[in-house]
Each structure stands twice: as C-alpha cells, then as structure tokens.
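Single-structure report; data block below.
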Amino acid sequence: MNGEEMPDAGVHMSMTPVLHADRLAGVEHGAIHSPIHTSVQYTFERTSDLIDLFQGRLKGRFNYARSGTPTIAALERKITHLEGGRETVCFASGMAAISAVFLSLLRAGDHIVVSRFLFGGTVNLLDTLQGFGVHVSFVDTCDVRNVRAEVGENTRLVFVETVANPATQIPDLESIGQLCRERELLFIVDNTVTSPALFRPATVGAGLVVNSLSKTLGGHGVALGGAVTDTGRFDWTLYPNIAARYRNADPAQWGIQQLRKKGLRDVGGALSSDHAHRIAIGVETLVLRATQTGGTALALARFLREHAAIGEVHYPGLETHPQHELAKRLFANGAWLLSFELKRANDMIPFLDRLRVAGRGTGMGDNRTLVIPVAPTIYWEIDREVREQMKISDGLIRVSIGLEDPRDLIRDFDEALQLCS
Ligand SMILES: *Cc1c(COP(=O)(O)O)cnc(C)c1O
C-alpha cells in the first residue's frame, strides 16, 4: 500500500438484533447460542397439537427435520433481521434455494425474464427448466428497457443478481423494481455477491431475496447453505401460481408457505442443523468482514489499475466502472469480488502460479483470498461468443478478497506481476 491509507469502506448496518436473536428467543439454561438440534423426529404430548401442526394452526413447533429444526429456525430469524424481511426459509445450498424458488413458483407455459450475467449453476438450472416448458428470456438487465421489451402476458417474475460474477455488471435495480411494481411481477434478487451488509434488495422492491450462505454470510467456508427471504414487498394475491390449499392463510404468508412446503418438504434440499449452526456463527461477524474486504478490494483494484501489465479492472468501487454511481448510491461499499485482465494472456498461468498469499481456487466470499482464471475453468463449457457477451476474456482473472492484511496481498500481487513485464 506504500503508506497509503486504507479506503473507508465502513458498513453502517446494526448487527445488534442478530447477535441477541438466540438469547431473546429464550434458549434453555440462558445459553447465548441456539443448540444444535440433531433430532429428525419430534413427538407431541397431545395428538391434537400434532394435527394442528400439520394443518398449519400451530406455529413454532417441528415435526420432521426435512421441513426445519429449531437450529435452522434460529438461523432463519437472523437472516430475516439482516434482510429487513418478514420471513426466511433456509436450504442445503444456494442452488437448493434457487431450485426451490423456481420449482415451487413456476409452471409449464410460464415466462420469466432473467439477467444474461448469472451464476453458472443458475444458468444450467434454467436450461433444465426450459426442458420442463418454462420460457426464459436472457437480457442485459443493466438497461431496464431490455427487461420491459420482454414482459408479456405469461411473464411471472424477473430474476437478477446484484453484482455479476465475474465481470461485476450491476442491473438497473431501482428501475426494474419499479417496472415489476407497475406490471405486478415478482422481482427476485440474488444478493449473494453484496450480502445484506452492503445492500437490502427490499429497498428496490424485491419480493424475494436469495442468499447463498456458503459464501460471505458464513465466511469461514466450512458449510454450504442457502436462504430465501420474503421481504413483504410483493402482494401474493397477484400471483396466479399459488395453490388453493396455500391461499387459506393471511395473504402475506402465501408465497413463503408454498415455498416452505413445496420447496423444502417436497424438493427436499434441507439444510442440516450442524451446518446451520456453523453458518450462524459466521453471520455474527458479517459487517466487520464486509467492511474489511471492501477496503482491501478497493485498495487492490486501485493498485491493479495503475500497473503497466494490467488491462481492464472490473470493480464497482472504481470511478471508471460503468455503474459506479449506481453502486455508490445503493451499496455500502463495492463488495469483495473483483476481476482484471493481464495485457498478455500468456502471462496468466505463470503469474497465478507465483502468488503466495492468494490461493488458486474456485470459491468466493471465503475469509481467505482466492484467485481463478475464469475462461478455462468455470466457463470452459460456455461458447466463446457467449463468454464475450459476458465480458469474459481469455485472460480474465477473478479475485475473491479475504481478511488478509491488504499490504500482504498487494505485495503478493506486485511480486507476481514482476514476471509479466
Ligand atoms: C455461489 C452462488 C450461488 C450458489 O450457491 P451455493 O451455496 O454454492 O449453492 C448462487 N448465486 C450466486 C450469485 C453465487 O455466487
């Protein structure tokens, strides 16, 4: 950092409700963490309670771990606090959460509009859905006009990510939220790359928010998980695909109830209590980590931008980023993901091999910095033409920033870059 100050990447969100959620929910013995409940089955003193639970009249009890446990419910409360939402359902992974959303809310003949810059697993899942008769329009969501042009009679929802991985495009989130409100469409935002510490999609009108808990929410990289939060912003009476049996409760519950039943009970991608506990521990430090990684990412992005061997640097915190103003307005900082190109693609492998602090690997949002050349790994099955549309050049390197001392990271990159000149 050559004596330069760390950029201010402070996140000013309060973690107080999250830190005290377990204790205030009344854990036995005054424990400050919700215990890890490993029981799959639960029994009842009175048969009528068991019946009431099945019929939705009894809340806060559990019958079978595929539909939830007290440990998972404790994590769900924390995610709901973080997103400022109404209710959260957790799943075994981010992809299990996204699968549950699509499978429980879409039917053959429905049409959806999605971002052209989506996580690879989501793109593959959409391919499967198309096989089941769901029509999908992939558009550049950085301009709301592209979304508007696709909306038709059978359009049910719009799905975007906050910051695209790896080239960091940002959709026109406010305008898409407005469009969805006007056209009575469900707006779903995958908040994984920003996390609720940096951005709450509820503020732009998202009805559902998806988070992979395997990334920065957990942080430690020791457990997979996913979550879907109902923000309360969508009027479920407008949504045609809610089954009659889920229309009996309070309309605010219709969507989340169907998601819990169909997505969790029927699809079965349930989180384990052990993993819920590990993720809940990680979540406690989310704001601290988001502040630290945001500062480091900006410092590294600025260093890379000035380096003679480097071409483009993609990072929303840089003034040169096409959606920098939008990112500044909506996000507490530029997040922990950046990517850049070496001027000479041939330098890529020796450069990466030379890094000593950053690890070579595919993960994101871990407490350790990880780097990966994206074209020959994550995107090697994708046609060059599509890669170019996604701004993935042959020499593009993705960096997921961890908690190392930023000076150590910059020194590491600086030394490895000496090979490239
Ligand atoms: C990683 C990721 C997912 C999938 O999450 P898993 O927990 O790995 O299944 C979904 N969306 C985005 C944006 C991701 O980065």
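A few remarks follow.
- Efficiency of FRET between PHE132 and ARG360 - r from beta-carbon atoms, R0 45 angstrom, step 0.05: 0.75
- Cα-centred dipole magnitude for the chain, charges only on beta-carbon of K, R (+1) and D, E (-1), debye, nearest 20: 1060 debye
- Hydrodynamic radius of region 114-198 by the Kirkwood approach over all distinct alpha-carbon pairs: 13.2 Å.
- Per-residue Cβ neighbour rank within 10 angstrom, fewest leading, GLU45, GLU312: GLU45, GLU312
- Linear extension gain, ALA252 paired with ARG265, 0.36 nm per residue minus alpha-carbon span: 2.7 nm
- In the chain, helical runs assigned H by DSSP with n ≥ 4 each contribute -39500 (n - 2.57); averaged across all residues and rounded to the nearest 500, the mean residue ellipticity at 222 nm is -10000 deg cm²/dmol.
- Note on the chain: antiparallel DSSP beta bridges, both residues inside, total approximately 55 percent of the bridges counted.
- Gyration tensor verdict on region 188-246 (Cα atoms; rounded if a/c is under 1.5, prolate if a/b is larger than b/c, oblate otherwise): oblate
- Shown here: region 16-282, whose C-alpha atoms stretch 57, 40, 30 Å along the first, second and third principal axes, sorted largest to smallest.
- Protection proxy ranking of 133-143, 283-293, 225-235 - average other beta-carbon atoms within 10 Å, highest first: 225-235, 283-293, 133-143
- Taking the charge dipole of region 16-282 about its Cα centre, with +1 at Lys and Arg Cβ atoms and -1 at Asp and Glu Cβ atoms, the residue from GLN130, HIS20, ILE51 reaching farthest to the positive side is ILE51.
- When VAL222, VAL11 are arranged by Cβ crowding within 10 Å, least crowded first, meaning fewest neighbours, the order is VAL222, VAL11.
- Kirkwood radius for region 286-420, taken over all pairs of different Cα atoms as the inverse mean of 1/r, rounds to 15.1 Å.
- From phi via Karplus (6.51, -1.76, 1.60), per-residue ³J(HN,Hα) for region 7-20 in Hz, x at Gly/Pro: x, 6, 10, x, 10, 9, 8, 7, 9, 3, x, 5, 5, 9
- Ranked list, fewest to most other Cβ atoms within 10 Å of each Cβ, for LYS343, LYS59, LYS215: LYS59, LYS343, LYS215
- Using the average count of surrounding beta-carbon atoms within 10 Å as a protection proxy, the listed peptides 398-407, 25-34, 373-382 rank, highest first, as 398-407, 373-382, 25-34.
- Point-to-point label distance, ASP274-GLN389, nm (Cα→Cβ direction, 7 Å offset): 4.2 nm
- Computed about its Cα centre, the charge dipole of region 1-81 is approximately 540 debye, with only Lys, Arg, Asp and Glu carrying charge at their Cβ.
- Mean shadow area of region 1-138, taken as a quarter of the surface of its Cα convex hull (nm²): 14.3 nm²
- In order along region 46-63, phi translates into HN-Hα couplings of 10, 4, 5, 5, 4, 5, 4, 5, 4, 8, x, 8, 9, 10, x, 10, 10, 10 Hz, rounded to whole numbers, per the Karplus curve 6.51 cos²θ - 1.76 cosθ + 1.60 with θ = phi - 60° and x for Gly and Pro.
- Residues ASP353 and GLU381, FRET efficiency given R0 of 25 Å [Cβ-Cβ distance, rounded to 0.05]: 0.55
Read-outs: derived from the displayed coordinates by stated rules, not from any lab. Here the structure is a predicted model, which means the values were calculated and not measured. Neighbour counts are summed over all protein chains in view; Cβ atoms, including those assigned to glycine, are modelled from backbone coordinates with ideal geometry.
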